1. If you take every residue apart from Thr243 with its C-beta less than 14 Å away from the C-beta of Thr243, what net charge results, scoring Lys and Arg +1 and Asp and Glu -1?
2. Extending each Cα 7 Å along its Cβ direction at Lys217 and Ala85, get the distance between those two points in nm, one decimal.
3. For a label point 7 angstrom out from the Cα of Asp135 toward its Cβ, which stretches of the stretch 32-46 have the backbone nitrogen within less than 12 Å?
4. Can you return the aspartates and glutamates within cross-link range of Lys113? Criterion is Cα-Cα under 20 Å, with same-chain partners fewer than 8 residues away left out.
5. Quick check: at a probe of 1.4 Å, how many percent of the accessible area of the stretch 322-432 sits on carbon and sulfur atoms?
6. Any idea what the dipole of the stretch 50-164 comes to, in debye rounded to 20, about its Cα centre with Lys/Arg Cβ at +1 and Asp/Glu Cβ at -1?
7. What is the extension gain from Thr425 to Gln349, computed as 0.36 nm multiplied by their sequence separation minus the C-alpha to C-alpha distance, in nm to one decimal?
8. Which value, in Å² and to the nearest 10, is the accessible area of Arg95 when all protein chains are kept and the probe is 1.4 Å?
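The values are calculated or read from the model by the stated rules, or taken from the named source; none is laboratory data. These figures come from a predicted structure and were not determined experimentally. Virtual Cβ from ideal backbone geometry, glycine too; neighbours counted across all protein chains shown. The accessibility values were calculated without ligands, DNA or RNA, using every heavy atom of the protein model including side chains. Shrake-Rupley method; radii C 1.70, N 1.55, O 1.52, S 1.80 Å.
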Amino acid sequence: MGLVKSKVATPSSEGPQATLDYTTSEAGNPFVEGWYTDPGSATYDGVFWIYAAPSYAAEAQTCIDAFSSSDLIHWVKHPSVLDIAKVNWAQKGIRSPTPILRNGKYYIYFSAKKVLEHDGGEVDDIGVAVADKPDGPYSDAIGKPLISEYHNGVQSSDPHVFIDDADGQAYVYHRQNSHLHVAMLKKDMVSIGTFNDGTTFKEITPDNYTGGSRIFKRNGTYYHMWLEGLPDEPNYSVSYAITNNPLGSFGPVAKILQPDSAVAKGIGRSTIIHVAGKDIWYILYERQPLNSTDEYHRILAYDRMYFNENDTIQPVKMLVKDDFSDGKMLDWTTYGGEWSVEDQRLTVQNTGGGMAMLDTNFSDQVFDATIATTGGNGHPGLLFRVTELSAETHKYKGYKAALSPQGVITLGKAFLGTFTDLAQTRMNMEASENHVRVTAIGSEITIFVNNMDKPKLVFTDDSFNTGANGVRVFNSAAKFGFISVARP
């Protein structure tokens with residue numbers, strides 16, 4: 001097996017944050033705190049805006065929150081930019097926001113539930129709200145649904161709005177049961193127009209469509225994305241097709257984003273972030289953590305989207321990174337010790353035992369991090385293929401690759417309280433912070449320190465095959481940075 005070569009990025013004013021050229025959310029996914037669903041995105045005056053519904057049961061879905069960022073790293077929360085109290089026809093379940101700017105006004109199209117007077121039943125309708133600023137407050141623009149259950153005789157939900165720069169025509173896409181329909185919006189953006197044939201709605205349902213339609217345009221080419229499957233199914237995923245106009249047809253079709261058993265499940269509704277003036281695109285989407293069993297535990301994540309020379313989209317890879325440049329540790333669970341983020345490093349105070357873990361499940365992997373011992377005489381290190389975590393921080397199953405302040409490199413394994421040294425070597429410590437890489441491919445485990453071309457230690461062991469990644473300290477204080485876990 002050949003050695004895997006890569007490098008760990010370091011922060012720079014001339015680096016990625018200056019160009020917004022990332023491979024994923026480099027500061028970790030989720031990139032904002034909280035459970036959220038149905039993200040929609042827009043860019044206003046160079047600022048990126050995300051609108052999403054808090055992920056709860058319909059009775060508790062009473063608002064839309066927004067987040068803004070100029071660098072895709074540091075996000076400012078704008079709570080309740082649209083409150084259901086501002087929508088007099090809706091009672092609950094406000095969600096699926098899609099934002100857009102036109103005529104100097106900021107619009108959010110959304111779906112919400114209303115109760116029918118004649119029988120007390122509930123239906124989903126589509127509304128439109130308007131504001132003078134991106135952060136609102138937004139209020140109902142027309143005092144009634146824009147698209148209701150009375151159109152085509154079925155419920156309407158899950159809206160998306162696209163303005164074609166070729167002719168300025170605006171379209172609203174929406175789901176009606178398992179069918180995708182589209183209508184034209186008039187220039188006022190709050191009323192429905194008609195097509196040349198006199199019809200108001202057209203069905204343009206692609207194969208296997210279940211919701212989450214998105215249209216975007218790149219270099220004159222139209223792309224249509226949609227969801228396949230259902231949230232509780234393993235095939236819940238995002239597919240796409242290249243089209244020659246906003247109305248289809250759709251083909252050939254390919255999956256662009258699917259669940260990854262090492263990273264996340266329940267891939268859901270997505271949207272697009274485009275860095276203006278550059279061919280830099282991200283897919284932003286909701287997903288469910290691996291260990292979560294609550295259907296409402298959904299987070300917001302984004303990953304880079306790359307295009308081939310023929311304009312097709314490469315399958316998106318969900319990457320696991322955290323350079324702590326946002327000053328937060330949103331995707332970490334700690335066991336023992338006092339943990340925080342200081343100076344772009346995951347920092348733990350001197351403790352007899354502590355762990356910070358990611359919700360991953362990698363088998364073969366390349367695990368990178370920087371390690372610096374800041375106190376004590378213990379040996380901080382990287383944990384991988386870890387299972388059976390508990391509040392008793394010494395009781396777990398998995399491997400640890402440790403680096404002591406004296407330069408001792410140790411590969412060991414833990415089995416519910418029993419720790420066994422598997423291999424050990426020594427190096428000269430020339431710096432306080434060192435780049436450590438672990439490659440675990442099958443039973444072969446290789447440890448590199450600083451020089452990624454020449455391993456410090458190679459050992460074969462097949463005790464543990466898969467599990468979570470994290471960091472650990474024992475009788476020490478330490479700082480960890482530039483975390484990355486990936487397949488070889």
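1. +1
2. 4.0 nm
3. none
4. Within the straight-line cut-off, Lys113 pairs with Asp38, Glu59, Asp65, Asp83, Glu122, Asp124, Asp125, Asp140, Glu149, Asp158, Glu295.
5. Looking at the stretch 322-432 in its full context, I get 42 percent from C and S.
6. Computed about the Cα centre, the dipole is about 280 debye.
7. Difference between extended and current length: 24.7 nm.
8. 80 Å²
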